[in-house]
Structures are given as C-alpha cells and as structure tokens.
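Novice: The structure under discussion is supplied below as structure tokens; questions concerning it will follow.
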Amino acid sequence: MQMKVYDVIIIGGGQAGLSVAYFLRRSALEYLILDDHKEAGGAWLETWDDLKLFSPSEYSSLSGWAMPKSNEEYPTKAEFIKYLSAYENRYDFPIQRPVKVFQVEKENGLFITKTDKGDFYSKTLVSATGTANKPFIPKYPNATHFSGTQIHSVNYSNSDKFKDKNVLIVGGGNSGAQILAEVSKVAHTKWVTSNEPTFLPNDIDGRYLFNEATLKYLGKTIKHSKDHSVSLANIVMVKSVKEARSRDVLNAVRPFKEFYEHGVIWNDGTKEQFDAVIWCTGFRANLNHLESLNLTENNKINTEGTRSIKESNLWLVGYGNWTGFASATIYGVGKTARETVKEITALLKR
C-alpha cells in the first residue's frame with residue numbers, strides 16, 4: 001500500500017493554524033490540519049469563563065472574514081470560539097480531530113508526524129501549537145512547602161472556589177488584571193507584579209496594537225505621544241478592569257521573597273497568609289513534538305521570519321515576537337501566516 005504524502009501538514013487548529021490554512025486554500029497544495037481538541041477553538045477553549053477580548057469585533061478577526069459584531073464593545077470568549085468554528089466551516093478546511101501528536105521525525109526528505117491516529121507524511125511542516133499547553137510558573141524558594149492551592153491561569157475557570165479566601169494573584173498582564181478584577185469581588189486579594197503595571201487610557205485598546213502590528217509588518221514605525229505609548233504588555237481597560245479600578249483594587253506590589261507553609265514571606269521578612277495563589281505568569285512555546293529534530297535552543301527554534309534556519313522545510317507560526325511581531329495575537333498572526341504560505345508555495349514549485 002502506497003503511503004499518502006501531503007504537501008503540508010499543519011499541527012494545531014487554533015487561530016495560527018487556521019490562518020495558514022486560509023492562505024493555503026488559495027494554492028493547489030494538498031494540506032491537512034491536525035488538532036488535538038475535540039472541537040474548534042484552539043487555546044481559547046482553555047481560557048476562563050468570563051474572558052473578554054481587548055479589541056472590538058472588527059479588530060478581532062482572522063484573514064478573509066470579519067467576526068460578527070458583538071453585542072458588547074469587546075467580544076466574549078464564547079463569541080470568539082463560535083466565530084472560529086464558523087470560520088472553519090466557511091472555508092471547509094481539511095481538519096482531523098482530535099489527534100494527539102507525539103513527535104515529528106524526518107526520514108528520506110519527508111516529515112513523519114507520529115500521532116495517536118497513526119503516522120502522517122508531508123514534504124513540509126507548519127507547527128502552530130501555540131503556548132497554552134506549556135504554562136510558565138516562576139520558581140520561588142519553598143514553593144512546595146506551601147499548603148494552599150496553586151493554579152495557573154490556564155486552569156482558572158471562575159471565582160467560585162475562592163469565595164471568602166485570601167488569594168494572591170501573580171502577574172501583571174491583561175490576564176492578571178482581569179482575573180484580579182473577578183476574584184476580588186468574592187475574596188480578599190493581593191496583586192503581585194514584577195514592575196508597576198501600565199494601564200492604557202480608557203480610549204486605547206487593541207485597535208492601536210492592531211495598527212502597530214500592521215505598520216511594523218510594512219516596515220514602518222508608529223508614533224505615540226508619551227501619554228499613549230502602546231505595548232502588548234499594557235493592560236487594556238475593559239469593563240471589568242474599569243470596575244475594579246472604581247473599587248480601588250488595582251494596587252500591585254513587587255514580588256515576595258519566598259513561600260512558607262501558610263503563605264509568603266515578603267522581602268522585609270513579613271509573613272502573610274494566603275489560601276491560594278493564581279499564577280498569571282504567561283506561557284512558553286509548546287515545542288515538545290519537535291524535540292527529535294534537535295532544533296530547539298532555550299525553548300525556541302531559530303527562525304528567519306517563521307521559517308526554521310536549520311530545517312528549511314519547517315515553519316513555526318503564532319508563538320510570539322520571535323515568529324513575527326504580535327504573531328501570537330488574532331490581529332498579528334495573519335500577516336505572518338501569509339508570508340509563511342508564500343515561502344512554502346515558492347519552495348514546492350521548484
């Protein structure tokens with residue numbers, strides 16, 4: 001029996017994988033998406049219940065088809081997952097799910113993607129697995145001695161289990177601010193950030209980040225006034241965060257020194273008791289499936305754009321700025337996906 005060889009295998013069916021597929025469908029190349037979820041949604045399926053995007057619908061869209069307008073200024077998690085599902089159906093992408101990828105090997109010039117559904121062969125490979133499966137928690141002395149609950153934001157669903165508890169929330173990004181806003185309604189909270197958090201003005205949101213990503217893609221620079229400096233690390237004042245500000249709970253302190261059994265010890269030696277710690281400390285690239293290719297260094301693969309430098313038939317899309325400015329965002333991934341497909345198409349035309 002002759003084995004089937006695809007032109008392209010895309011590992012991951014979230015926003016990055018779908019963005020690559022959108023541009024591939026315009027070509028004559030035969031491709032397949034392998035996704036480990038049972039349904040559409042990618043990493044968004046792993047986020048907390050009341051997550052809000054920080055851009056209006058028209059700035060929260062993938063290439064080719066705008067997200068339907070939300071009833072609120074910022075779309076909900078559920079609305080975006082519904083949009084991703086409709087996006088898949090609209091373009092009838094070839095997707096197999098759920099498929100768990102174990103590892104990728106290369107033999108006789110072909111990639112062999114080994115999965116729980118058998119082996120898949122391809123001439124080129126796009127890894128678009130994102131970061132959700134690799135949450136990052138910084139190391140603190142005596143963390144294992146702490147008798148309370150510790151969870152990462154990826155495992156946070158809602159505030160119900162934290163009612164009337166003392167909760168330490170660690171991390172200064174949008175997830176930290178939004179989870180703090182939610183938990184502080186039912187619990188006694190304290191917020192730890194590495195640096196003083198930066199809140200954007202009320203009228204600045206993901207639209208400005210979208211414009212910056214576009215200009216950087218075009219090789220231009222964007223000018224901000226000193227009061228309107230925009231960064232992916234800045235906190236967007238969505239409704240829940242504004243409400244938290246009105247309750248005066250957006251007060252962050254610098255990191256503690258270590259844990260003890262019942263809580264943390266601050267740098268001045270003071271002990272403070274906590275029942276739980278919620279780590280909103282981000283993620284690292286999920287590259288475990290590529291380890292056998294011996295390309296990973298410091299949890300990254302060296303790329304030019306999205307293309308691996310050492311393995312020229314491999315592309316990595318949607319992992320963060322090392323694969324293109326804002327490429328881990330809805331508004332940034334399409335630009336890097338388009339360039340990826342241009343390169344794949346040029347390669348396979350030879």
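Bear in mind that the values in this text are calculations on the coordinates, not laboratory data. Keep in mind it's a predicted model, so treat the numbers as computed, not measured. Glycine also receives a Cβ, built like all others from the backbone with ideal geometry; neighbour counts cover every protein chain displayed.
Novice: Where does helix 330-348 land angle-wise versus the long Cα axis of the chain, in degrees 0 to 90, nearest 10?
Specialist: Taking the Cα atoms of the chain, the angle to 330-348 is about 20 degrees.
Novice: Using helices alone, I'd like the mean residue ellipticity at 222 nm for the chain: each DSSP H run of four-plus residues gives -39500 (n - 2.57), total over residue count, nearest 500.
Specialist: -6500 deg cm²/dmol
Novice: Test of understanding: express the Cα radius of gyration of the chain as a ratio to 2.2 N^0.38 Å, with N the residue count.
Specialist: Rounded to two decimals, the normalised Rg is 1.05.
Novice: Based on Cβ point charges of +1 for Lys and Arg and -1 for Asp and Glu, what charge dipole magnitude is obtained for the chain about its Cα centre, in debye rounded to the nearest 20?
Specialist: Charge dipole, the chain, about its Cα centre: 700 debye, nearest 20.
Novice: Can you tell me the Rg and Dmax of the stretch 30-175, counting just the alpha carbons, in angstroms?
Specialist: 19.2, 61
Novice: Further question on the same structure: Would you grab the residues whose amide H sits under 5 Å from the one on ALA40? Only those 5+ places off in sequence or on another chain, please, with H modelled 1.01 Å from N.
Specialist: none
Novice: Please list, short to long, the whole-number percent of alpha-carbon pairs of the stretch 1-107 in consecutive 10 angstrom bins beginning at zero.
Specialist: 14, 42, 30, 11, 3, 0
Novice: Select from the stretch 235-265 those GluC sites (Glu not before Pro) which occupy a DSSP coil region and have at most 13 other Cβ atoms within 10 Å, ordered by residue number.
Specialist: Sparse-neighbourhood loop GluC sites (Glu not before Pro): GLU261.
Novice: Using Cα positions and a limit of under 20 Å, work out the aspartates and glutamates in reach of LYS342, with same-chain residues fewer than 8 apart set aside.
Specialist: Output for LYS342: ASP7, GLU30, GLU304, GLU311.
Novice: How large is the Kirkwood hydrodynamic radius of the stretch 267-308, in angstrom, based on all distinct alpha carbon pairs?
Specialist: Hydrodynamic radius (Kirkwood, Cα only) of the stretch 267-308 equals 14.2 Å.
Novice: Rounded to the nearest 0.05, what FRET efficiency do GLN103 and ASN299 have when you use their Cβ-Cβ distance and R0 = 22 Å?
Specialist: 0.85
Novice: Can you pull the three principal axis extents for the Cα set of the stretch 146-192, in Å, largest first?
Specialist: Dimensions of the stretch 146-192 along the principal axes of its Cα atoms: 25, 23, 19 Å.
Novice: Evaluate 2.2 N^0.38 Å with N set to the residue count of the stretch 233-318, then give the Cα radius of gyration divided by it.
Specialist: 1.72
Novice: Suppose we take every Cα in the stretch 1-62 and form the convex hull; what volume per residue is that in Å³?
Specialist: Given the Cα convex hull of the stretch 1-62, per-residue volume reads 99 Å³.
Novice: Something else about it: Taking amide hydrogens as modeled 1.01 Å from N in the peptide plane, which residues meet the under 5 Å criterion relative to SER327, leaving out close sequence neighbours?
Specialist: It is GLY320, ASN321, by chain and number.
Novice: Past 30 Å, Cα to Cα, is the threshold; run LYS82/LYS165; LYS38/LYS185; LYS82/LYS134; LYS100/LYS185 against it and keep the listed order.
Specialist: LYS82/LYS165; LYS38/LYS185; LYS100/LYS185
Novice: Calculate one ³J(HN,Hα) per residue across the stretch 316-321 by plugging θ = phi - 60° into the Karplus curve 6.51 cos²θ - 1.76 cosθ + 1.60, and present them in order as whole Hz with x for glycine and proline.
Specialist: For the stretch 316-321, the Karplus curve yields 10, 10, x, 8, x, 4 Hz.
Novice: While we're looking at this one, here's another question. Full extension from ASP268 to ASN133: what is 0.36 nm times the residue separation minus their Cα-Cα distance, to one decimal in nm?
Specialist: Gain on extension, ASP268 to ASN133, equals 45.0 nm.
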